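**Student:** Here it is: the structure, laid out below.
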Amino acid sequence: MLYEFRTYRLGPGLAPDYLARFVARGLPALSHHLPMLGYWLTETGRANTLHHLWAYRDWSERAARRAGLAQDAGWAAFVAEGFALIREQESVLLEAQGLSPALAAALAGRDSRHVPPAPGAALMAAEVSAFEWHDRPCAADTAGPASGSSDPGTLALWRVVSGALSPGWLRLTARAPLPPQPLPGALRHEIVRPLALSPL
């Protein structure tokens, strides 16, 4: 699988506006075409930053799906209003280092259509996760069988194959009520809150 980790940095205070527009109008079109695994808003690190994760069989599937999205009138309408709020975009390609049960389940449902939440429903999950960037795999991240980690808090571990910190490693922690602590050697640690409908 080819994993794409995209980061959008929004203008100060614009994340709530962007997310409301995205969930109401962008998400239905986007999830019709692209295989979403996760969507998060930063709680620490750069404020008003969104991370999202997509999984493709290969580069050809990515190209075909993104071409279909570009032709979608609903997506074009959202881009016209929503993308004006974005200040920077970054894309990193990843290779998974094993599959945790949660990552395997998200992959199995990668073609699920996501619909906007009911009126009054929470937009964001109550629990938080964290992303960590490393320049080498930690000892705790190389021994586990299914997830690629012996640390029960690690939900997924990827090797960066192209983009920032390449080569490097990206770790995602499992959701928890309290913020997770970084593993030793982390170059960067960001606490993130998933969208309520985010698979991971």
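**Student:** All but one of (1) at negative phi; (2) under 16 Å from the mean Cα position of the chain (by Cα) hold for G11; state the number of the condition that does not hold.
**Tutor:** It fails just one condition, (2).
**Student:** Restricting the first residue to region 1-30 and requiring it to be part of a loop (DSSP other than H, G, I, E, B), which pairs with a second residue that is open to solvent by 40 Å² or more (accessible area, probe 1.4 Å) and of a type in the set (D, E, K, R) meet a Cβ separation below 7 Å and a spacing of at least six or different chains?
**Tutor:** M1/R57; G11/R87
**Student:** Moving to a separate point now. Out of contact with any Lys or Arg (no Cβ under 9 Å at 6 or more places or on another chain) and open to solvent by less than 70 Å² (accessible area, probe 1.4 Å): is that true of L103 in this structure? Working first, answer last.
**Tutor:** On the way: out of contact with any Lys or Arg (no Cβ under 9 Å at 6 or more places or on another chain): yes; open to solvent by less than 70 Å² (accessible area, probe 1.4 Å): yes.
The answer is yes for L103.
Each row is one residue, and each column tells you yes or no for (1) modelled with pLDDT under 90; (2) farther than 26 Å from Y8 by Cα; (3) not in a strand (DSSP E or B).
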site	(1), (2), (3)
R113	yes, no, yes
R136	yes, no, yes
D151	yes, yes, yes
L172	no, no, no
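**Student:** Go through region 41-90 residue by residue and tally those that are part of a helix (DSSP H, G or I) and either of a type in the set (A, V, I, L, M) or under 20 Å from the mean Cα position of the chain (by Cα) (or both).
**Tutor:** Pass one, region 41-90, residues part of a helix (DSSP H, G or I): 59-70, 73-85.
Adding the requirement that they be either of a type in the set (A, V, I, L, M) or under 20 Å from the mean Cα position of the chain (by Cα) (or both) leaves 59, 61-67, 69-70, 73, 75-80, 82-85.
Summing the residues that are part of a helix (DSSP H, G or I) and either of a type in the set (A, V, I, L, M) or under 20 Å from the mean Cα position of the chain (by Cα) (or both) in region 41-90 gives 21.
**Student:** Here's another thing I want to ask about it. Just one of A108, A126, A121 is without any contact (Cβ under 8 Å) to a residue 12 or more places away in the chain and out of contact with any Cys (no Cβ under 9 Å at 6 or more places or on another chain); which is it?
**Tutor:** On the way: A126 fails: without any contact (Cβ under 8 Å) to a residue 12 or more places away in the chain; A121 fails: without any contact (Cβ under 8 Å) to a residue 12 or more places away in the chain.
Among A108, A126, A121, only A108 is without any contact (Cβ under 8 Å) to a residue 12 or more places away in the chain and out of contact with any Cys (no Cβ under 9 Å at 6 or more places or on another chain).
**Student:** Starting from region 33-48, keep only residues that are at pLDDT 95 or above, then list their pairs with residues that are open to solvent by 50 Å² or more (accessible area, probe 1.4 Å) and outside any loop (DSSP other than H, G, I, E, B) whose Cβ atoms are within a distance under 7 Å, requiring at least 6 positions of separation or different chains.
**Tutor:** Close Cβ pairs (under 7 Å, with a partner that is open to solvent by 50 Å² or more (accessible area, probe 1.4 Å) and outside any loop (DSSP other than H, G, I, E, B)) amount to W40/R193; L41/R193; E43/R193.
**Student:** Out of the residues in region 10-23 that are of a type in the set (A, V, I, L, M, F, W, C) and over 24 Å from L107 (Cα atoms), which is modelled with the lowest pLDDT?
**Tutor:** Of all residues in region 10-23, those of a type in the set (A, V, I, L, M, F, W, C) come to 10, 14-15, 19-20, 22-23.
Then keep just the ones that are over 24 Å from L107 (Cα atoms); that gives 10, 14-15, 20.
Numbers: L10: 96, L14: 95, A15: 94, A20: 90.
Looking at the filtered set, the residue picked out is A20.
The values are calculated or read from the model by the stated rules, or taken from the named source; none is laboratory data. Given the structure is predicted, the values throughout are model-derived calculations rather than measurements. Note that we place each Cβ from the backbone using ideal geometry, even for glycine, and neighbour counts take in every protein chain shown. Ligands, DNA and RNA are excluded from the accessible area calculation, which covers all protein heavy atoms including side chains. Shrake-Rupley method; radii C 1.70, N 1.55, O 1.52, S 1.80 Å.
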